[in-house]
Amino acid sequence: MTALAELLAHPSIWRGGELGRVASPSVASGYPQLDAELPGGGWPTAALTEILPQHEGIGELGILGHALAALSAKGRWVAWIAPPYLPYAPALQAAGIDLSHLIVIRTRSPRETLWAYEQALRSQTCGAVLAWPERIAYAELRRLQLAAEGSATLAMLFRPSRCITEATPAALRLRLDTRPGGLAVRILKRRGGVLGRTIALTPPQVVQRNFDNPPNGLDCHVMDRIEFPASAARSLRRDFGIH
Amino acid sequence: MNFPRLPLEAFAETSASTEAHAVADGARVLVCNPRAATRGVRAGISIAAASALVPDLVYRQRDAAAEHAALEQLATWALQFTPGVSLQAPSGLLLEIEGSLKLFGGIKTILGLIRRGAADMGYTLAVGVAPTVAAAWLLARAGSEKIVSCKRMIEAEVAPLNVRALDCDAKTLETLAAVGVKTVGAAMQLPRDGAARRFGPQFFEQIDRILGTRPEARRFFTPAEKFSAKLELGTAVEHAEALVFSAQRLLVQLAGFLGARCGSVQHFKLLLTHEDQAPTVLEIGLATPTRDPGRFVAVVREQLAALKLVAPVLQLALEADDILVLVEENKTLFAEMADRSADWAKLIERLRARLGNEAVQGVTPRAEHRPEHAWQRAAPGARPTPSVRPAPRPRPLWLLREPRQLKQVAEKPYSENGPLALVAGPERIESGWWDGGDVKRDYFVAQTADRSTVWVYRERRRPGGWYLHGIFG
């Protein structure tokens, strides 16, 4: 009986109905309700993860913030390959990411993106590799999944939501939708079977202060540091049609 | 160290070639590659006979200057093992390695390194090890690969060697053969005064030097201050990737040169010479100074892979002017961490070699109010300036390269799928009048109809309007 239990504890054996066990360590996402549903209790290393946001800018980076900050704080490197916009240093720093461990790699073609991604995975030096490939074929995904398996890296691919119908060799695939006040995460694929329900996440609100009680009427970055008078702020608000 | 095929292997492409090659001295074959040898070509037979045996034999006349240059480059490389390297023209190097044994961890290790280096450069090598220079050279020439560790053993070890391995002219060898002397041992037994009269005094001087009863003074080889090496390719090479093997020879030499002077390089130049065009110059840059030939080769391979040749290449040249004192590769108590930082530098180099230096960058904040100037590119791994204060209000993770103008309906901003709801703001940013990049903007956090959080601003200068500048992501 003990022998059987030992055998079943082997990482490459998976039994239906249980979440996949992972031999490689995971990185906590910082969201307990998400971690509970991820095999290994966090973002998996040594496996490809696909993130399919409904559209850009709904918080797909935000949900990685905790993991990236934790990895960079441990001295692991984070590589961003072919990002669609400029990764904005002041915001990244505010999110707790150590910028001395972050590199941004720009590429000129989808081929270069894949090449750079594979190099970053195979070099074994990165804690996380993020990429935004324009298009990617199944065979190429398979290649990246194999490269990821030999690494101790979070291998993240951000793909457009229309790819949802395509098959994937990735170990984990998430779909992100917006909902009032946060994100709705659906796990489309994971080791250990699909999850029927969606997970509601509330990423940290970017907005801390509202119009209603601004500290000085208005936040100013005026070089002469003139205090903006409250009356002017009121008229400004009227101009903007905000009440 | 004897390089028996130096006249042939001085031409880089013959080492890697699968065809039959030979080098002739006059009308006779001097040396040939194994491919030709298996088909019956031998040193000493006439070129006509060799061509009859192997109709597709590629042969050329020996080039003494190229051989000497190759030998000097080998000497430069060998300096990493000992400062005492001397040339034994035309095809040998003598290394004084007794003092280096402890550093390298024994004769076996050092011989392994020497053999591997020679193989990487594409040279056939025979090594002899003995307490006297002449005996070592004799062993190397005879190809016996023996290691003789004390003087008393020399006589017994060299005695069975073929007498042809001695450094004598052809007439002496002929006479020795005629009197029935076939081995070095037999030559040593000859009566001294008679043999000296017949062969000249230098004959026994050589024997005495071999046995160590007569001292031998040698001039050590001194390398140049800068590294500069050339390599004739012999044939015109049309594909850049085919140059990798030849370039490797130069890179291994560079590593040896640096090893000898405890140096390292961060930049060097590879020049590809064409027939009647200006040479193509490849500037090779490394993430950190190094003398690791593996890193050199990896970077050069990527650069060559990305290169389109304008014309066939006849010659390779490698120039390294800026020799840095090597900060020894980090050795830490935790080997794993050290490996990681070295691997990291290698990754950056690989990426940069293929994508260009500009494409691989870090980012860092800058003390500046204007959002588009509040960050800058930095060298990968550079620490951000600690003096930059964080922005007082949330900043988006994504910044657009250029602000994008938004539609405006009744003074309110609209995105493609509906009106924007302003959630927070305004944050007034007014700065930059002194450098012409004057901005006067009121920034707002807004939410689009499909619930993306974005960063928009209202232009306060005429003609005004709303712009999208960032996405919170």
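Structure data summary
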| quantity | calculated |
| --- | --- |
| Subset of region B:457-471 (residues that are at the interface with chain A (Cβ under 9 Å from one of its Cβ atoms) and either more than 57 Å from the chain's Cα centre (by Cα) or closer than 12 Å to B:P371 by Cβ (or both)) | B:G470 |
| Residue check, A:I63 in a loop (DSSP other than H, G, I, E, B) and touching a residue at least 40 places away in the same chain (Cβ under 8 Å) | no |
| Residues located in region B:64-87, provided they are surrounded by fewer than 21 Cβ atoms within 10 Å (Cβ to Cβ) and assigned to a strand (DSSP E or B) | B:S86, B:L87 |
| Only one of A:G62, A:G96 that is at pLDDT below 85 and either within 28 Å of B:E402 (Cβ to Cβ) or within 14 Å of another protein chain (Cβ to nearest Cβ) (or both) | A:G62 |
| Output for region B:125-145, where each listed residue is surrounded by 17 or more Cβ atoms within 10 Å (Cβ to Cβ), under 32 Å from the mean Cα position of the chain (by Cα) and in a loop (DSSP other than H, G, I, E, B) | B:L125, B:V127, B:G128, B:A130, B:S144 |
| Some residue of region B:306-326 being modelled with pLDDT under 80 and in contact with a Pro (Cβ under 7 Å, 6 or more places away or on another chain) | yes |
| Residues of region A:145-190 that turn out to be away from chain B (no Cβ under 14 Å), of a type outside the set (K, R) and touching a Gly at 6+ places or on another chain (Cβ under 9 Å), as a count | 2 |
| Region A:76-92 - residue that is touching a Cys at 6+ places or on another chain (Cβ under 9 Å) and surrounded by 22 or more Cβ atoms within 10 Å (Cβ to Cβ) and, of those, farthest from the other protein chains (Cβ to nearest Cβ) | A:V78 |
| Every residue from region A:41-59 that is touching a residue at least 24 places away in the same chain (Cβ under 8 Å) and away from chain B (no Cβ under 13 Å) | A:G42, A:W43, A:P44, A:T45, A:A46, A:A47, A:L48, A:T49, A:E50, A:L52 |
| Test: residue in region B:13-23 that is among the acidic types (D, E) and under 21 Å from B:L251 (Cα atoms) | yes |
| Options B:D120, B:D56: the member that is among the acidic types (D, E) and touching an Asp or Glu at 6+ places or on another chain (Cβ under 9 Å) | B:D56 |
| Count - residues of region A:113-125 that are within 8 Å of chain B (Cβ to nearest Cβ), surrounded by 17 or more Cβ atoms within 10 Å (Cβ to Cβ) and in contact (Cβ under 8 Å) with a residue 24 or more places away in the chain | 3 |
| Count - residues of region B:367-395 that are modelled with pLDDT of 80 or more, hydrophobic (A, V, I, L, M, F, W, C) and within 15 Å of A:I97 (Cβ to Cβ) | 3 |
| Long-range neighbours under 6 Å by Cβ, at least six apart or interchain, first residue touching a residue at least 24 places away in the same chain (Cβ under 8 Å) and at positive phi within region B:194-218, second assigned to a helix (DSSP H, G or I) and surrounded by 13 or more Cβ atoms within 10 Å (Cβ to Cβ) | B:G212/B:K151 |
| Failed item, numbered, when B:E368 is tested on (1) facing chain A (nearest Cβ under 7 Å); (2) not in a strand (DSSP E or B) | (1) |
| Residue tally, condition surrounded by fewer than 19 Cβ atoms within 10 Å (Cβ to Cβ) and in contact with a Leu (Cβ under 7 Å, 6 or more places away or on another chain), over region B:147-162 | 1 |
| Residue check, B:E349 under 17 Å from the mean Cα position of the chain (by Cα), modelled with pLDDT of 85 or more and surrounded by 19 or more Cβ atoms within 10 Å (Cβ to Cβ) | yes |
| Residue tally, condition modelled with pLDDT of 85 or more, under 20 Å from A:L146 (Cβ atoms) and part of a loop (DSSP other than H, G, I, E, B), over region A:156-200 | 7 |
| Single match in B:V423, B:V454, B:V445, B:V409 (criterion: among the β-branched types (V, I, T), surrounded by fewer than 20 Cβ atoms within 10 Å (Cβ to Cβ) and at the interface with chain A (Cβ under 8 Å from one of its Cβ atoms)) | B:V423 |
| Only listed residue being hydrophobic (A, V, I, L, M, F, W, C), farther than 27 Å from A:G96 by Cα and within 8 Å of chain A (Cβ to nearest Cβ), chosen from B:W433, B:W398 | B:W433 |
| Residues that are crowded, with 18+ Cβ neighbours inside 10 Å, out of contact with any Gly (no Cβ under 6 Å at 6 or more places or on another chain) and closer than 21 Å to A:V104 by Cα, drawn from region B:385-399 | B:R395 |
| Residue in region B:250-271 that is surrounded by fewer than 17 Cβ atoms within 10 Å (Cβ to Cβ), free of Cβ contacts under 8 Å to residues at least 12 places away in the same chain, under 30 Å from B:G92 (Cβ atoms) and not polar (S, T, N, Q) present | no |
| Matching residues, region B:193-222, being of a type in the set (F, W, Y), part of a loop (DSSP other than H, G, I, E, B) and buried (at least 17 other Cβ atoms within 10 Å of the Cβ) | B:F221 |
| Test: residue in region B:223-231 that is closer than 30 Å to B:I323 by Cα, of a type in the set (K, R), assigned to a loop (DSSP other than H, G, I, E, B) and at pLDDT 80 or above | yes |
| Contacts under 9 angstrom Cβ, first residue in region A:88-105 being farther than 14 Å from B:R383 by Cβ and in the same structural domain as A:G30 (by TED's automatic domain parsing), partner part of a helix (DSSP H, G or I) and among the polar types (S, T, N, Q), 6 or more apart | A:G96/A:S72; A:I105/A:T113 |
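The values are calculated or read from the model by the stated rules, or taken from the named source; none is laboratory data. Values in this document were obtained by computation on a predicted structure and should not be read as measured data. Glycine gets a Cβ as well: all are built from the backbone with ideal geometry, and neighbour counts include every protein chain shown.
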